[in-house]
Each structure stands twice: as structure tokens, then as C-alpha cells.
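One structure below.
The values are calculated or read from the model by the stated rules, or taken from the named source; none is laboratory data. Every value quoted in this text rests on a predicted model; they were computed, and no experiment measured them. Because the Cβ atoms are built from the backbone with ideal geometry, glycine has one as well, and the counts that use them run over all protein chains shown.
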Amino acid sequence: MEFAEAVAKVIRRRRLKSGLPQRELAYLCGLDPMTVSRIEQGKYPPSLATFWLLAKGLRWTAAELATEIDKLTTRPDLYEKPPPPGYRKIRKKPKTAVKKTTRKAAKKATKKRKSD
């Protein structure tokens, strides 16, 4: 998992656990709400200053936030939820190719059948 994705996952999880909307977190951090949104989507890796502001807004130290991100990048299995009991992966059947006919081709075919 890349750094930006790990940051996104940890920040989003912590924000939702705290019950903060994105706009309120942005206000607490002194950031633009679009910046927080892009960071949570994993599109924008935060700078060191932004990282520190996000940690303060989430009421964490930067070290605690960095530790959570490190856990996720080195041991992603800790954050992945196991499938529910009785879960079975369903395989989709491959689609069979169906020959599409045009109206002209369909008319020719019916004319041939009628003449035969």
C-alpha cells in the first residue's frame, strides 16, 4: 500500500471514529475542505506541516498518526476485515458472444426463408 493511501485510510477512519465531518476537521486544522477531501481519497499526499495539522485536528500527536500509518504500510492484514462467516466468492459466468444482426440482414434472412 502506498503512503498516500495509508494516510487516507488512517485519517478517514480516525475522523469517522471521532464523529467529525470533513468540513469541521478542515476548520479545526486550518485547511481547505477540498484539501482534506483529496487527502482522504488518497489523491494528495500531505506535506509534513499538513500532516502535523491533521494530527492536531484529530487530537493525536504526529508520532501516533505516523505509527498507525506505519502499521498499515508494513502490516496491512491488521486493518483488513475478514470475510463474514459463510462468505463465498461468487464467480461470474463469462458472457457468450451473441451475433448481432442488422435490420437489413434480418430482412434478407426472412426473404430467403420465404422463398425457400
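When region 46-88 is filtered for residues that are at pLDDT 80 or above and aliphatic (A, V, I, L, M), the ones remaining, listed by number, are 48, 49, 53, 54, 55, 58, 62, 63, 65, 66, 69, 72.
For the criterion of being surrounded by 10 or more Cβ atoms within 10 Å (Cβ to Cβ), at pLDDT 85 or above and over 25 Å from residue 3 (Cβ atoms), residue 27 passes.
Taken across region 30-37, residues that are out of contact with any Leu (no Cβ under 7 Å at 6 or more places or on another chain), in contact (Cβ under 8 Å) with a residue 24 or more places away in the chain and surrounded by 15 or more Cβ atoms within 10 Å (Cβ to Cβ) do not occur at all.
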